[in-house]
Amino acid sequence: MKNFLWKNHSDTGKRTSNRIRKISGFLSILLAAFFIAGCVNSGDKKEDTDILLGFSQIGSESAWRIGNTTDIEQQAENYGVNLMFENANQKQENQIDAIRRFIAYKVDVIAFSPIVEDGWDNVLMEAKDAGIPVILVDRDISTETEGLTTCLIGADFYEEGVMAAEYLIRKADRIGLTEVNIVEITGTENSTPMRQRQAGFADTIAKDERMHILESIDGDFLKSRGAECMRYLMETYGDEIDVVYSHNDEMTLGALPEIEKAGYVPGRDVIIISIDGGQEAIDVLKEGKINCVVECTPKLGKEVMETAIKLKAGEKVEPVIHPMEVVFSDEQDTSKIEPRGY
Ligand code: AHR
C-alpha cells in the first residue's frame with residue numbers, strides 16, 4: 001500500500017548564505033532533472049487516482065497466480081491506484097475476513113479472486129450495504145441474491161476446455177487414433193476454472209466416438225497433487241492411458257516425472273494437454289514432453305484498475321470482460337513462441 005501521509009517541511013533558516021544558495025540551486029537543478037527523468041521513465045503511468053482498492057488474492061498456488069499478483073501490483077502502481085492487498089493462502093475464510101477488513105477500512109472498491117463459487121452471499125451483502133462496489137477477478141461465483149457484484153474480469157474457462165478438446169481431436173486425426181483413453185486431472189473442486197474447463201472439454205469430445213474419459217481426479221491446481229494423482233493413475237490404468245488432460249501447468253509439471261518413472265515418454269507415448277501457458281510449461285512444450293498448452297493469461301490488472309476507476313467515478317462497466325487467449329502446441333513452430341513473462 002502507498003503512503004497516505006505527506007510531511008510538510010517549513011523553512012527554519014532566516015538568512016541563507018551564498019554558498020548554501022548555490023548548493024540549493026544545484027540541488028534544484030538535480031531534482032528537476034530527476035523529476036523529468038522520472039516522468040520519462042514512468043512510461044504510461046497515470047496520475048494518482050485517490051482510489052483505495054482492496055484486493056483479496058486466493059494464494060500462491062501456481063506460477064499463474066504469482067504472475068497475476070505481480071500484474072495486479074504493477075498495474076495498481078501504473079494507474080496510481082492505492083492497493084490494499086491480502087493473500088488468503090488458499091482458504092475461503094481468509095478471503096471472507098479480508099473482505100470484511102476492506103469494508104471496515106471503507107475502501108472505495110473491492111476486488112477478489114474467489115477460490116470457490118459458493119458461500120459469498122453474506123459478506124457480499126455486507127459490502128453492498130456499505131455501498132462498496134465489488135469486482136470479480138479471474139473466477140466467478142454463484143449467489144442466491146443477484147446483483148452483489150458489478151462485473152467479472154477473467155478468462156473464458158469453458159472456451160479453454162473447448163480449445164483443449166479441439167486440439168485433441170485434430171491430433172487423433174493426424175496420428176490415426178481409433179480409440180482415445182483420457183485421464184483428467186482437475187483443478188480445485190467447485191472452482192470456476194475446474195467446472196468450466198471440465199464442461200468445455202467434455203461437451204466437445206462428446207461429439208467424437210473415439211474419446212473416452214477413464215477417470216477425472218481432483219489435483220487442486222497444485223504440483224504436489226498433480227504428482228500424486230498421476231502416480232495413482234499410472235498404477236491404476238498403466239498403458240491404457242493415451243492422453244492426460246490437466247487443468248493447469250502446475251499439475252502437469254508434477255505429473256510428467258510420474259509418467260517417466262512408470263517407463264513412458266510424455267509427449268510421445270502419452271499425449272499431454274495443459275492449461276495456463278507459463279514459461280516453464282512452454283519450455284517443456286518446446287522439448288516435446290507437452291503436446292499442447294491452452295493459454296490462460298494472468299494479466300488482468302489493467303482491466304481491473306480501469307474498471308475500479310470507472311466504478312469510483314460512478315460510471316457503468318462491462319458485466320463480463322474476457323481476455324483474448326490462444327493455443328500453443330506441436331502443430332506450430334514452438335521456437336517462435338515469445339517469452340511469456342510468468
Ligand atoms: O483461476 C485460474 C487458475 O488458477 C489457473 O489456471 C491456475 O494455474 C491457477 O491456480
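Counting charges near E179 (Lys, Arg +1; Asp, Glu -1) among other residues having Cβ under 12 Å from its Cβ returns a value of -3. Between the C-alpha center of region 55-132 and that of region 142-179 there is a gap of 25 Å.
Note on the chain: with charges restricted to the Cβ of Lys and Arg (+1) and Asp and Glu (-1), its dipole about the Cα centre is near 2680 debye. Which pairs in the list K207/K336; K299/K336; K128/K299; K171/K336; K106/K223 are over 31 Å apart, alpha-carbon to alpha-carbon? Long pairs (Cα-Cα over 31 Å): K207/K336; K106/K223. Scalar couplings 3J(HN,Hα) for region 304-309, obtained by applying the Karplus form with A = 6.51, B = -1.76, C = 1.60 to θ = phi - 60°, are 4, 5, 5, 5, 4, 5 Hz; x denotes Gly and Pro. Within the shell defined by Cβ-Cβ distances under 11 Å, the residues around E117 carry a net charge of -1, with Lys and Arg each +1 and Asp and Glu each -1. Taken one residue at a time, the phi angles of region 164-169 give Karplus couplings (6.51, -1.76, 1.60, θ = phi - 60°) of 5, 5, 5, 4, 4, 5 Hz. Gly and Pro are set to x.
Backbone amide hydrogens, once placed in the peptide plane, bring C151 within less than 5 Å of L136, excluding anything fewer than 5 places away on its chain.
For region 313-342, trypsin sites (Lys or Arg not before Pro) are listed when DSSP marks them as loop and at most 13 other Cβ atoms sit within 10 Å of their Cβ; the list is K316. Within the chain, DSSP assigns beta bridges of which about 10% are antiparallel (rounded to the nearest 5). For region 50-66, 3J(HN,Hα) computed residue by residue from phi via the Karplus equation (6.51, -1.76, 1.60; θ = phi - 60°) reads 6, 9, 10, 10, x, 10, 9, 8, 4, x, 9, 6, 8, 4, 4, 5, 5 Hz, glycine and proline entered as x. Mind listing the long-range amide H neighbours of E215? Cut-off is under 5 Å, sequence gap 5 or more, other chains count too, H placed in the peptide plane at 1.01 Å from N. Result for E215 returns E184.
Once all protein chains are placed together, H212 keeps about 70 Å² accessible to a 1.4 angstrom probe. Assuming charge only on the beta carbon of Lys and Arg (+1) and of Asp and Glu (-1), the dipole of region 79-129 about its Cα centre is about 220 debye to the nearest 20.
The trypsin sites (Lys or Arg not before Pro) found in region 45-124 that occupy coil by DSSP, while having at most 16 further C-beta atoms within 10 Å, are K45, K46, K91, K106. Which cross-chain or sequence-distant (5 or more) residues have an amide H under 5 Å from the amide H of I290, H modelled 1.01 Å from N in plane? Result for I290 returns L285.
The values are calculated or read from the model by the stated rules, or taken from the named source; none is laboratory data. Fair warning: this is a prediction, and the values are worked out from it, not measured in the lab. FYI the Cβ positions are ideal-geometry reconstructions off the backbone, even for glycines, and counts take in every protein chain you see. Note: accessible area is taken over every heavy atom of the protein model, side chains too, but ligands, DNA and RNA are not part of it. Shrake-Rupley method; radii C 1.70, N 1.55, O 1.52, S 1.80 Å.
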